[in-house]
Amino acid sequence: MTETIRARAMGRPLERLDGRDKVVGQAPYAYEQQVTDPLYLHPVQAVIARGRINAIDTADAESLPGVVTVLTHLNAPRLTGDGDGDDRELWVLQSDEVHFRGQFIGVVVAETSEIARHAADLVRVEYERWPHDVELSADRDDLYAPDKVNAGHDTDTDVGDVAAALADAPVVVDHTYRTPMEYNNPMEPHATVAVWDAGGLTMYDSTQGVHVVRQRLAPLFGLDPGHVRVVAPHVGGGFGSKGAPHAHNVLAGLAAQVTGGRPVKLAVTRQQMFSVVGHRTPTIQRIGLGAETDGRLTALVHEVVEHTSRIVEYAEQTAVVSRMMYAAPNRRTRHRLAALDVPVPFWMRAPGEAPGAFALEVAMDELAVACGLDPVELRIRNEPDVDPESGRPFSGRRMSECLREGARRFGWESRDPTPAARLRDGWLEGTGVAASVYPRIMQTGNRAWVRYGPDGRYEVGIGAVDIGTGTWTALTQIAADALEVPVEEVRLRIGDTDLPEAAVAGGSGGLSAWGSAVVGAARAFREKFGRHPSAGDEATGTAPESPAAEDFSMYSFGAQFAHVRVHADTGEIRVPRMLGVFTVGRVVNPRTARSQFVGAMTMGLSMALHEEAVLDPRFGHVVNHDLATYHIATHADVQDVDAIWLDEEDPRSNPMGIRGIGEIGIVGAAAAVANAVHHATGVRVRDLPITPDKLFH
Amino acid sequence: MRVTFTVNGSRESVDDVWEGESLLYVLRERMGLPGAKNACEQGECGSCTVYLDGAPVCACLVAAGQVEGREVRTVEGLADGGRLDPVQEAFVECGAVQCGFCTPGLIVQTHALLARRPDPSDAEIREALAGNLCRCTGYEKILDAVRLAASRKTGAE
């Protein structure tokens, strides 16, 4: 247990401190940072999925007025290192090899972005084409088991005797579920402005972590980390895709070395984002559930096949949700990868949990139907007393309360479980439920300082970022409570590597890590200077892991309910209502938190009904590589979406009592919609997204 | 070419504009008005919404030359000095802003909706804003903000 700080500002729905700048259009995002006399970049992309560049002719491009230079693998500055491991994604313009379609193979440096773009079209490339392979299937003979999966989880787990338990189970549900390749698509495309001068490299970047960008890029450019500064005061969303630097950052760093100190600006276009900034891997998941006739699970199998890129292994932890969610005594999980000639997959909101819980929670609904049980009741019956994976008690697991409270608010008790039995005005109506879970993640190595200013305010500095989550506001509230002063007396500084080391805004763990460091700094400050400091007094603090982390399993939980209407003739699906009930520890700011929950649930709705990137196996590219054809939920798709949370704090987690909220809202949301579609129509769709064609057989 | 037009009430001329440039490019890169955002370049997301002669348009789809002699109003031109427009106020108050990248476009679109329809129904709001994508908020708080702004604008008249 850690000593929690007293909540005075925490828990208040403080208005967003960055709100005013954003509504008047004055909050500077990466590309809008004021630099003197910049040049503009436009990448040249490979149009084959695998092969070698035989010749690259830049003469026409370079003769265009306004073009300064064109960099290719023939003339680009060399990167430092061996280009192995994860660096292979960043190893651009260093060789003639093409590993996926859309790979950066050159960059134009020009006086305007329009000239740069025009010139990029004039670069002529001759390739030696090699056969490529981008097709994922579960029966490939080259599937392999990675050493570990994302976030350091084991690849496979075996508990008990699953085969025997399945053979003996009176009720068995065993199906295959599929989720497609999906794209984060934050509204702000990735962008970076790079300046290379005597002092080193400065990068204004659209990123989820300034320090991770520095840590990854400094060695590539042969620079001491102290000579790389990364700045990101405002970031237009990320959802994981900005959790690490990508190839465009390196492209900008390379170009900035050849401009004689002039800054270079690179905005990745929406279309380019489909090749170079990560995506959610498609998954093929087998879920096998064995149960007694009363619904109690005896066996749970979760076997996942997914893709990774040939150059960098990214193994999504899709089945980990099945290791700790339910009390099945016999469990087996597997992750198998196909290494394909595709762009590098990466984090997308709740990597692992989001696609994994879709499969598991639809399977649980199928089990409820098979047992003739209410799906809320089925889940409550399978609630574990301790974490089935680690054997440790949960720091808090009020899953059943979330289910019951949600059921009460949703009017669940009057639900007739019969599928396809409610036709009103041409629309089939149905409701569905699913469970949500997301781990509490504590990232280490965070520091913060507190300074007392001559104006009587406390300046609090840490290299955190606000990607739209509300860091500016919520971290100010935490700092105020840690210092026991009103929020007006705190001036927060974030988004700069000149500030102390901070973890990436990811894994729903940003505020936990940064807040813990701020509390550490505030306590050190008060210990040293007491309640009446002098101007200039300063103290630094760190964020130690909670001692309880060794003894307790820490997760956030939730229950999601969805009401759908499916048009009986056209199959059009509308979602009149979604409700999420969450248990997440303390909520620091109800206003920003609600937006996080509801936004994530809406992304889950979008995952359920709209999102699907279509890879063309002939050419290896995503066909629908723009917002016209890669559909995300719009205002007209969304009706009543509400989120509530149980009033609590988790003192075992950290001094704020929080567990993190950014991702849990998407987990289970698509399953709740899919289950409601089944209830409405009697059609079980196990293959996302649920489009009308899948409802007619 | 030279393009002369009115931006946020002030007559401006821009030189050396390439014929293929968009209004969005001119505003952002040549005039120092970064409010309208560049997020899709094909009129799908609405992040670059500005007024052109009083009608909301996607600035990414308007060629720079098309605005010659016309009137453009951007999100930077909505506040009255230091006083926010009720739409801007309502977006902050309702928690309709997250990452903020879609916000300027949504604010101009909402401003236009309320100018032609002071008391819109929820269905009208959803339809009017369906061309402005937001990836963060889930839209619910945006709806709240539009309702609040509508009530304040109506009340103020």
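A short reminder: the numbers here are calculations on the coordinates, not readings from a lab. Because the structure is predicted, anything quoted here is derived from the model rather than measured. Ideal geometry is used to build each Cβ from the backbone, glycine not excepted, and the neighbour counts take in all protein chains shown.
Descriptive notes on the structure:
- Estimated from helical segments only, the mean residue ellipticity of chain A at 222 nm is -7000 deg cm²/dmol, where each DSSP H run of four or more residues counts as -39500 (n - 2.57).
- Computed lengthening from A:ILE380 to A:GLU459, 0.36 nm per intervening residue step minus Cα-Cα distance: 23.7 nm
- Length, then width, then depth: along the principal axes, the Cα atoms of the stretch B:27-157 run 39, 32, 26 Å.
- Under conditions of 20 °C and 1.002 mPa s, the stretch B:3-74 yields 182 µm² s⁻¹ as its translational diffusion coefficient, taking Rh as the Kirkwood radius over Cα pairs in the Stokes-Einstein equation.
- Approximate spin-label separation A:HIS175-A:ASN624, in nm, with each point projected 7 Å along Cα-to-Cβ: 2.2
- Beta bridges by DSSP in the protein assembly as shown, antiparallel share as percent, to the nearest 5: 75
- Estimated from the Cβ-Cβ distance and a Förster radius of 41 angstrom, the FRET efficiency linking A:GLU484 and B:LEU61 is about 0.20.
- In range of the label at A:ASP537: residues from the stretch A:486-515 whose backbone nitrogen is under 19 Å from the point 7 Å along Cα→Cβ: A:486-492
- Ranking of A:HIS621, A:HIS73 by neighbouring Cβ atoms within 10 Å, starting from the fewest: A:HIS73, A:HIS621.
- Fluctuation leader among B:LEU24, B:LEU106, B:LEU33 - chain B, Gaussian network, Cα springs under 10 angstrom: B:LEU33
- Near-label residues of the stretch A:324-341 by backbone N, under 11 Å of a point 7 Å along Cα→Cβ of A:ASP158: A:332-333
- Sparse-neighbourhood loop sites, GluC sites (Glu not before Pro) in the stretch B:56-91 - DSSP loop, at most 13 other Cβ within 10 angstrom: B:GLU68
- q = 0.09, 0.10, 0.13, 0.14 Å⁻¹: log10 I(q)/I(0) that the Debye formula gives for the stretch A:1-155, counting C-alpha atoms only: -0.56, -0.65, -0.86, -0.91
- DSSP assigns beta bridges within the stretch B:3-74; of those with both partners inside it, close to 85 percent run antiparallel.
- Footprinting exposure proxy for A:LEU14, A:LEU403 (fewest neighbouring C-beta atoms within 10 Å first): A:LEU14, A:LEU403
- Dipole in debye (nearest 20) - the stretch B:29-76, about Cα centre, beta carbon charges: Lys, Arg +1; Asp, Glu -1: 80
- The order of A:LEU136, B:LEU23, going from fewest to most other C-beta atoms within 10 Å of their C-beta, is A:LEU136, B:LEU23.
- Per-pair calculated FRET efficiency, R0 = 35 Å: A:SER137 and A:HIS73 via Cβ, rounded to 0.05: 0.55
- By the rule of a C-alpha distance below 19 Å, with chain neighbours fewer than 8 residues away ignored, the lysines paired with A:LYS242 are A:LYS265, B:LYS37.
- Among the DSSP helices (H) of chain A, those spanning at least 24 angstrom by Cα along their long axis with an average Kyte-Doolittle hydropathy of -0.5 or more are A:353-371, A:510-529, A:590-609; this is a geometric and hydropathy rule only.
- For the stretch B:86-154, the Kirkwood estimate of the hydrodynamic radius, built from every pair of different alpha carbons, is 11.5 Å.
- Label point of A:PHE529 set 7 angstrom out along Cα-Cβ; within the stretch A:445-463, amide nitrogens under 11 Å from it belong to A:450-460.
- Translational diffusion coefficient (Stokes-Einstein; Kirkwood radius from C-alpha pairs) of chain A at 25 °C, 0.890 mPa s, in µm²/s: 93
- Extending 7 Å from the Cα toward the beta-carbon at both A:THR293 and A:ASP498 defines two label points whose distance is 7.3 nm.
- Mean projected area (nm²) of the alpha-carbon convex hull when the stretch A:401-515 is viewed from all directions: 11.7
- Between helix B:103-116 and chain B: long-axis angle, C-alpha atoms, 0 to 90°, nearest 10: 70
- Applying 1/(1 + (r/R0)^6) with r as the Cβ-Cβ distance of A:ALA420 and A:ALA167 and R0 = 30 angstrom yields a FRET efficiency of 0.40.
- Inter-label distance, B:ASP144 to A:SER390: 3.4 nm, where each label sits 7 Å from its Cα along the C-beta direction.
- Pairwise centroid distance, computed over Cα atoms, of the stretch A:31-101 with the stretch A:607-624, Å: 26
- As a length-normalised measure over Cα pairs under 8 Å and 6 or more apart, the relative contact order of chain A settles at 17 percent.
- Within straight-line cross-link reach of A:LYS528, aspartates and glutamates at Cα separation under 17 Å, skipping those fewer than 8 residues along the same chain: A:GLU459, A:GLU484, A:ASP537, A:GLU538
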